[in-house]
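Only one structure is covered here, and it is reproduced in the block below.
The values are calculated or read from the model by the stated rules, or taken from the named source; none is laboratory data. Quick caveat: nothing in here was measured; it's all calculated off a predicted structure. Here Cβ is always computed from backbone atoms with ideal geometry, including for glycine, and neighbour counts include all displayed protein chains. Accessible surface areas use protein heavy atoms only, side chains included; no ligands, DNA or RNA. Shrake-Rupley method; radii C 1.70, N 1.55, O 1.52, S 1.80 Å.
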Amino acid sequence: MLWAALLSPCLPDVSLPQREDRLREVATWALQFAPRVAIVEEAVFLEVQASLRLFGGWPALRNVVEEQASAFGVQSIAWAPTGLGALALAKAGIQHDDGEHLELAAQLNALPLETLSAVHAHAQTLSQLGCRNLGDVRNLPRGGLSRRFGQTLLCALDQAYGLRPEHYSWFELPESFSARIELMARVETAPALLFAARRLLLQLGGWLVARQCGVTTFTLRWTFDLLRPRDAGTGGELVIRTASPMRDVDHLTRLLGENLARLRLAAPVERLELLANEVQPYSPPNYTLVPDTQHDRQSLTLTLERIASRLGESRVLRPVLAEDARPEWAQRWQPASLPLARPCATTDGMPHPTFLLPKPLQLSMRNDRPVYQGELQLLLGPHRIEGGWWHRVEEGGQTTTRHVTRDYWVALSVHAGVVWVFQTRQAMDEPAWFLHGLFA
C-alpha cells in the first residue's frame, strides 16, 4: 500500500472555517489521482496504490501531484506505506519514496514527538520520561503506555508503523460544482485573474474526473471591491462553452485566458467564483499504435475553440446539418464553440447534387420540356418535398411562410451534364421548372 499526505500550511491569520475550506479544495482536486481521499487533521490523505499503473508508475504520479499541488499552497508532500506515517514524514519535511516497512520504521523512529498528533498531546510528560523521538516512545513498555496514556497513543503508533489497519471517512463530492477564492490582493486587469482562476479550474478537473464527466459550459464570476465606482455594479461574469465535453485543465485555462484578454474590468476584483453549468458523461480517448482519425478531429475542435475565444464566437462558424427536408434549409452555420447537434436521420435515398444554387433559377420551356443549355431529359423522379409552413418571416411588414411544394428530378443536359431540377406550380396552375443544383 502507498499513501500520500499533503500537508496544508498552518497560517496564523486564517480562521478554522477557512482552513477547512482549503482542505476541501485540495481534496476535491486530489480525487483525480485516487478514488480514496480523506481529510485528516491538517492534511489530505490519498491512497494511491491503485492509481500507479494508470499514471505510469509512482515517479510520474509524484511529479504530477507535486507540480499541481503548489497552486493550492501545499506546504509539504510525503509518501509512505501508511497514512499517518506519511503525515509524520510530511510534518518533518521528509519525502519517503520506498515501500519497505523496515525503512519506514527507521525513519519514523528518528522523528520528533511533534510529528504525530497523538504523541504530541503528551509530549511534556514523555519528555520528562526521557523520550526525544518516536523510537523512544515505542521502546517504553506497552502496558505502561496503555495504562497511563490510553489506547489512542498506542493505536496511532501502530497505524503509523503499519502494525494496525487504518480507517478513515472518505471525502465525498457534491452533486454540483461551485468553488470560490478570495484574492490576496485587489486585481485591476482581467488577464491577471487567470492565475487565481487556474486554482479553481484544477478543482473543477478533479471533480470532473471523480464524476466521470466533462464540462460543456462553465461560468467565472467576480465580485468587485467595496471601494468601486457607483456605476460599476457589484461584479461580472464570463460564460465559456466547449463544443464537446472537456476536462483538460490546460485547454480550459487557455480558453479562459483568451476570453479574459478581451475584457476590461470596471473596478478592482476581490473574489472569484467558478461554477459548472452543464456537464455530460465523458469517455477518455483510447490510445492505439495506429493513427487515430478521432484524435485528429478532437485536435481540430480544440483549435477552433481557441480561435473563437480570441476572435469572437460570431467570427468562427462551421456548417451543421439540420432536420429539414428543404435543401436550402438543411444546413445552417453556427459558432464553432457550440456543441454539435445529434446526427440527423438517414437520407431519403435519392441522389443529391454536389453544388446547390444560392437561389433556384427559373427555366424556360420548349416542347413542354425545361431548357437549360438545351432541352433536359428527365432521368429519375419525381421526388416530392413539401414543408416549411412553420417557417415564418417578416417581409414588407407582413408575415409570410417559407412553405414549398416541389417535385424534384434528376435530369440530363446536353451541355451542362447532370442537373437537379424541380417542378412547382405558380398562379393559375401553370407549371414552372427551376434549376436548383449541379452534379459534379
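Collect the residues in segment 61-78 that are among the polar types (S, T, N, Q) and surrounded by 14 or more Cβ atoms within 10 Å (Cβ to Cβ), keeping them in residue-number order.
Listed by number, the residues that qualify are Gln68, Gln75, Ser76.
Hey, does segment 305-327 have a residue that's on the phi > 0 side of the Ramachandran plot, open to solvent by less than 60 Å² (accessible area, probe 1.4 Å) and in a strand (DSSP E or B)?
Checked segment 305-327: no residue is on the phi > 0 side of the Ramachandran plot, open to solvent by less than 60 Å² (accessible area, probe 1.4 Å) and in a strand (DSSP E or B).
Exactly one of these conditions fails for Ala105: (1) open to solvent by 10 Å² or more (accessible area, probe 1.4 Å); (2) among the aliphatic types (A, V, I, L, M); (3) in contact with a helix residue (DSSP H, G or I) (Cβ under 7 Å, 6 or more places away or on another chain). Give me its number.
Condition not satisfied by Ala105: (3).
List pairs: first in segment 388-406 and among the aromatic types (Phe, Trp, Tyr), second in a strand (DSSP E or B) and surrounded by 10 or more Cβ atoms within 10 Å (Cβ to Cβ), Cβ under 9 Å, 6+ apart or cross-chain?
Short answer, once both residue conditions are applied: Trp389/Thr401; Trp390/Thr401.
From Gly397, Gly417, Gly437, grab the single residue that is small (Gly, Ala, Ser), under 53 Å from the mean Cα position of the chain (by Cα), more than 22 Å from Arg326 (Cα to Cα) and modelled with pLDDT of 90 or more.
Matching residue, one of Gly397, Gly417, Gly437: Gly417.
Give the residues of segment 247-257 that are of a type in the set (A, V, I, L, M, F, W, C) and either open to solvent by less than 10 Å² (accessible area, probe 1.4 Å) or more than 14 Å from Ala276 (Cα to Cα) (or both), sorted by residue number.
If the condition is that a residue be of a type in the set (A, V, I, L, M, F, W, C) and either open to solvent by less than 10 Å² (accessible area, probe 1.4 Å) or more than 14 Å from Ala276 (Cα to Cα) (or both), then Leu252, Leu255, Leu256 are the ones that fit.
For Glu114, indicate whether it is over 17 Å from Met1 (Cα atoms), within 38 Å of the chain's Cα centre (by Cα) and acidic (Asp, Glu).
no
Output the number of residues of segment 221-246 satisfying the condition of being open to solvent by less than 50 Å² (accessible area, probe 1.4 Å), out of contact with any Pro (no Cβ under 9 Å at 6 or more places or on another chain) and assigned to a loop (DSSP other than H, G, I, E, B).
Total satisfying the criteria: 1.
Leu272 - would you say it is buried (at least 16 other Cβ atoms within 10 Å of the Cβ), of a type outside the set (Phe, Trp, Tyr) and part of a helix (DSSP H, G or I)?
No; evaluated as a whole, the condition is false for this residue.
Pull up segment 207-216, narrow it to residues that are of a type in the set (Val, Ile, Thr) and open to solvent by less than 10 Å² (accessible area, probe 1.4 Å), then point me to the one that is nearest to the chain's Cα centre (by Cα).
Per the criteria, the residue is Val215.
I'd like the full set of residues that are surrounded by fewer than 14 Cβ atoms within 10 Å (Cβ to Cβ) and small (Gly, Ala, Ser), limited to segment 369-403.
Listed by number, the residues that qualify are Gly374, Gly396, Gly397.
Condition test on Ala210, is it closer than 23 Å to Glu172 by Cβ and outside any strand (DSSP E or B)?
Yes.
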